[in-house]
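Structure first, then comments.
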Amino acid sequence: MAPPKPTIADYDDQSADDVIQRLRRLSQTDLAKLEDSERQGQARRTVLEAIASLRGPEPWPRYDDMEVEEIHAALRERDGDAASGAGLRAPAQGAHHGRRLRGAQTRGHVGA
């Protein structure tokens, strides 16, 4: 069986460092697909470790596929008036990835 198609253009021609630099922009779904592709393809340890450092559960099902307004609406529905008046925000997937990326950089898995 052929490996799944990677979610990064020209993936097979890119160095591990180039791939790692693009990982933060990927959703959890795309990270999972890329991880499968990498394991079945080049299986670069540094890429797999960087992907693992960014993987995590979505706050709720389909979160990664939602637009910002859909997330806000879901929070308002879940929290009622408390969310609309208290300035609550959806979990920042990018910030979450940023924290995980900094941890990977500290461990030497990702270029600074």
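Please compute the length gained on full extension between Glu58 and Ser27, using 0.36 nm multiplied by the number of residues separating them and subtracting their Cα-Cα distance. Intermediate values should be presented prior to the final figure.
Details: separation 31, 0.36 × 31 = 11.16 nm, distance 0.94 nm.
In short, 10.2 nm is gained.
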Worksheet item: Taking 0.36 nm per intervening residue step and subtracting the Cα-Cα distance, what contour gain separates Asp13 from Glu69 on full extension?
Response: 16.5 nm
Fill in: In sequence order, calculated HN-Hα J values of the range 30-37 (Karplus, 6.51, -1.76, 1.60; Hz; x Gly/Pro)
5, 4, 5, 5, 5, 4, 4, 4
Discussion item. Between Glu49 and Asp36, what is 0.36 nm times their sequence separation minus the Cα-Cα distance? Round to one decimal in nm.
Written reply: 3.4 nm
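FYI, it's all coordinate maths here, none of it is from the lab. If you're wondering where the values come from, they're calculated on a predicted model, not measured in any experiment.
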